[in-house]
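Student: Got a structure for you, questions after.
The values are calculated or read from the model by the stated rules, or taken from the named source; none is laboratory data. Keep in mind that this is a model prediction, so the values were computed, not measured. Here the Cβ positions follow ideal geometry from the backbone for every residue, glycine too, while neighbour counts run over all protein chains shown. Just the protein is used for accessible areas: all its heavy atoms, side chains included, with ligands, DNA and RNA removed. Shrake-Rupley method; radii C 1.70, N 1.55, O 1.52, S 1.80 Å.
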Amino acid sequence: ALGLAVNLPAAVLLYFAAPMIMGWWVKGSLQPPQLLLAALAIWAALNSFNGPLGMFLNGAGALRYQAVSCGLMAVANLAFSIFLTRKLGIAGVVLGSIAAQALFCYLPALVYVPRLIRRMEKA
């Protein structure tokens, strides 16, 4: 919750401040697409969950689960990113990462983590 409370406002602020920052940094010679900026903001906010989830799973000894979900996510990330980059441009790389994380990390965790907690409470 604390990570999200910090990352979400920072991501939104950077999204809106990016044109000004890029103008100052590269003297206006480069302006990233709005879709890329939005995708990066979403990705930054979602990363608030990665660290705490990974730490919890490591502490609980769920290494096999992590290896499988991360392996599937890596393969899906590559495929999604290539496909979306061809369709949407550079933002597709980030959107592919978001889609892969959602499908192979976050959604399975919604099922696996409550079961893991119940098993840990019984032990």
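Student: Find all pairs meeting these conditions: Cβ atoms under 8 angstrom apart; at least six residues apart or on different chains; first residue within the range 7-36 and modelled with pLDDT of 90 or more; second residue of a type in the set (G, A, S) and not in a helix (DSSP H, G or I).
Tutor: Note: pairs meeting the criteria are P33/G89; L35/G89; L36/G89.
Student: Still on this structure: Could you please give the count of residues in the range 22-33 that are in a helix (DSSP H, G or I) and open to solvent by less than 40 Å² (accessible area, probe 1.4 Å)?
Tutor: Here is the first cut: in the range 22-33, the residues in a helix (DSSP H, G or I) are 22-25.
Remaining after also requiring open to solvent by less than 40 Å² (accessible area, probe 1.4 Å): 22-23.
Result for the range 22-33: 2.
Student: When residues of the range 48-97 are filtered for being of a type outside the set (F, W, Y), open to solvent by 50 Å² or more (accessible area, probe 1.4 Å) and in contact (Cβ under 8 Å) with a residue 40 or more places away in the chain, how many remain?
Tutor: Total satisfying the criteria: 3.
Student: Now for a separate question. If you take just the helices (runs of 4 or more DSSP H) that sit entirely in the range 34-118, which of them hold at least 3 residues that are touching a Phe, Trp or Tyr at 6+ places or on another chain (Cβ under 7 Å) and over 20 Å from V6 (Cβ atoms)?
Tutor: Values: elements: 34-59, 63-88, 91-101.
Of the helices (runs of 4 or more DSSP H) lying wholly inside the range 34-118, those with at least 3 residues that are touching a Phe, Trp or Tyr at 6+ places or on another chain (Cβ under 7 Å) and over 20 Å from V6 (Cβ atoms) span 63-88, 91-101.
Student: Something else about it: Can you name every residue in the range 1-21 that is assigned to a helix (DSSP H, G or I), hydrophobic (A, V, I, L, M, F, W, C) and open to solvent by 30 Å² or more (accessible area, probe 1.4 Å)?
Tutor: Applying the first criterion (assigned to a helix (DSSP H, G or I)) to the range 1-21 yields 2-21.
Cutting the leftovers down to hydrophobic (A, V, I, L, M, F, W, C) gives us 2, 4-6, 8, 10-14, 16-18, 20-21.
Once the filter is applied, which keeps residues that are assigned to a helix (DSSP H, G or I), hydrophobic (A, V, I, L, M, F, W, C) and open to solvent by 30 Å² or more (accessible area, probe 1.4 Å), the range 1-21 yields L2, L4, A5, V6, L8, A10, V12, L13, L14, F16, M20, I21.
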